[in-house]
Amino acid sequence: MAADGGKKHQDTRLVHGGSHPEQFDGAVNPPVYRVSTVVSADMEELRQRSKHPPETLAYGRAGTPTHWALQEAIADLEGYKHCLALPSGLSGILISVLGLCASGDHVLVADNVYGPIRLVCCDRLAAWGLEAELFDASVGAGIANQIRPNTKMIIVESPGSLTFDMTDIPAISNVAKEHEILVLADNTWATPLLIDAPALGIDISIHSGTKYIGGHSDVAVGTLSLNDDDLYIRLKWTALLFGYGLSPDDAYLALRGLRTLSVRLKRHEENARVVAEWLQERPEIERMMCPGLPSDPGHAIWRRDFSGMNGLFGFIFKDSISQDAADRFANSLNVFLRGVSWGGYESLVVTNSKDSIKRPVSGWNAPGPTVRLHVGLEDPADLIADLDQAFAAMSDAMAAE
């Protein structure tokens with residue numbers, strides 16, 4: 001849309017979303033409200049502050065102007081009416097399931113989601129009287145075959161965690177709408193910038209803001225966004241009752257990181273494309289796991305639903321490469337650091353054995369170990385040189401065995 005006379009362009013909204021200098025004596029950044037107790041002039045005002053749930057400054061854990069600024073900015077970027085800031089992306093999913101599902105409900109979970117999500121849904125929800133069932137993330141409209149009369153929610157993540165397989169979210173969403181089932185998506189990989197979540201039929205969009213939103217490997221934060229007013233109130237109240245309060249300092253850091261998300265994400269994508277295209281020519285690699293590459297099996301879905309990629313992708317070694325050899329490769333890297341998170345400014349690497357990746361429904365039959373790379377903001381020439389010497393070190397070690 002035009003920058004004047006209508007809704008502002010995405011980058012403009014990214015810079016100005018949630019910013020209200022007129023409320024803070026002209027300060028361009030909202031202050032950090034480090035507050036627990038909030039006092040009132042009289043008991044009537046106190047009761048008004050403490051309505052169910054509080055919509056004004058009532059108690060620190062219930063939200064402050066620092067939180068509201070972050071939530072307003074995220075909601076605007078994603079195209080939803082509401083956003084709730086939480087301590088982690090995982091907490092956003094837990095709050096959504098526990099706040100919107102009841103004993104006896106059935107939840108469908110794609111088997112390629114983030115491991116802790118799969119674990120808590122399949123191993124812990126039974127204690128709450130909920131039943132979670134895994135499904136093959138590639139099923140598309142075939143999800144209809146697994147829907148029951150008591151199915152309440154479908155949880156997806158695309159690209160999938162560790163394996164980067166793509167899910168046809170619109171196909172699943174269309175079936176879900178026919179049965180009045182909520183679709184919840186972990187959109188951390190996409191960030192609020194790379195997909196139009198409401199257009200894909202996603203009812204609740206979850207982000208681990210610890211990753212690209214924060215962007216500096218120094219904050220843990222999560223968000224959930226949605227349109228439905230009643231569901232928002234239920235989720236906000238559930239978060240308050242379960243004690244899921246985000247530190248105002250962390251909310252501030254997340255908002256600060258958000259302001260530069262667009263420029264950082266472009267650099268991550270540029271670097272990642274250079275590195276991924278170089279890697280796909282390596283003889284040690286069986287297959288790249290990078291939806292942004294035309295050779296990737298999920299590229300057509302990625303191209304249809306996403307406006308870009310980030311710096312996170314992976315690859316599968318050939319069967320001649322052992323796990324020990326893959327670990328030697330990772331241990332030989334100097335610019336890439338060994339770490340399990342991603343989305344910060346630094347490049348990271350982690351290896352996974354064939355047996356450590358769990359796909360209980362779809363199965364996982366990779367010939368060799370996998371490597372996940374997060375390509376940071378370093379010069380791509382240095383990243384490629386680092387990878388090249390690590391391949392050489394791995395080859396020398398294998399030859400010496």
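What the table shows:
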quantity	calculated
Calculated P(r) of region 1-147 - Cα pairs past 20 Å, %	66
Tilt relative to the chain, helix 261-279 - C-alpha long axis, 0 to 90 degrees, to 10	20
Between region 297-312 and region 138-201, the alpha-carbon center distance in angstrom	15
Under the Karplus curve 6.51 cos²θ - 1.76 cosθ + 1.60, θ = phi - 60°, whole-Hz ³J(HN,Hα) for region 355-362, x wherever Gly or Pro sits	7, 7, 8, 9, 10, x, 9, 7
Contact order relative to length of region 262-400, as percent, for alpha carbon pairs under 8 angstrom and 6 or more apart	28
Rounded to whole Hz, the Karplus (6.51, -1.76, 1.60) HN-Hα couplings of region 135-140, x for glycine and proline	9, 5, 5, 8, 5, x
Acute angle (nearest 10 degrees) that the helix 380-400 long axis makes with the longest principal axis of the chain, alpha-carbon atoms	50
Expected 222 nm ellipticity per residue - DSSP helices of 4 or more, -39500 (n - 2.57), all of the chain, to 500	-11000 deg cm²/dmol
Debye log10 I(q)/I(0) at q = 0.12, 0.16 Å⁻¹ for region 262-400, Cα point scatterers	-0.46, -0.83
Region 196-246, Cα convex hull volume normalised per residue, Å³	74
Sequence-distant residues sharing a close amide H with G18 (under 5 Å, placed H)	A73
Extension gain (nm, one decimal) between E133 and S103, 0.36 nm per residue minus Cα-Cα	9.3 nm
Computed E for D327/D25 - FRET, C-beta separation, R0 56 angstrom, nearest 0.05	0.55
Estimated FRET transfer efficiency (R303, A381; beta-carbon r; R0 25 Å; 0.05)	0.35
Cross-link pairs beyond the 30 Å C-alpha cut-off, checked among K177/K266; K8/K51; K7/K177; K81/K358; K81/K211	K177/K266; K8/K51; K81/K358
Rel. contact order, % - alpha carbon contacts under 8 angstrom, at least six apart, the chain	16
Choice from A127, A144, A69 with maximal GNM fluctuation in the chain (Cα, 10 Å cutoff)	A127
Between 0 and 90°, nearest 10: helix 169-178 axis offset from the chain longest Cα axis	40
Theoretical gain in end-to-end length, A397 to N365 [0.36 nm per residue, Cα-Cα removed]	8.9 nm
Residue-span extension gain [R13 to V35] - 0.36 nm each, minus C-alpha spacing	5.1 nm
Order by protection proxy (mean Cβ within 10 Å, highest first), peptides 22-34, 303-315	303-315, 22-34
Packing rank of 42-49, 197-204, 277-284, 165-172, where each peptide gets the mean count of other beta carbons within 10 Å, highest leading	165-172, 197-204, 277-284, 42-49
HN-Hα J in Hz across region 190-199 - Karplus 6.51, -1.76, 1.60, θ = phi - 60°, x for Gly and Pro	6, 6, x, 9, 9, 9, 9, 4, x, 5
Packing-based ranking, highest mean first, of 216-223, 101-108 given that Cβ atoms within 10 Å are counted	216-223, 101-108
Against the rule of thumb 2.2 N^0.38 Å, how large the Cα Rg of the chain comes out	1.03
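Every read-out reported here was derived from the displayed coordinates using simple, explicitly stated rules and does not represent laboratory data. The shown structure was predicted, so the numbers you read here are calculated from the model rather than taken from an experiment. Note that each Cβ is placed from the backbone with ideal geometry, even for glycine, and that neighbours are counted across all protein chains shown.
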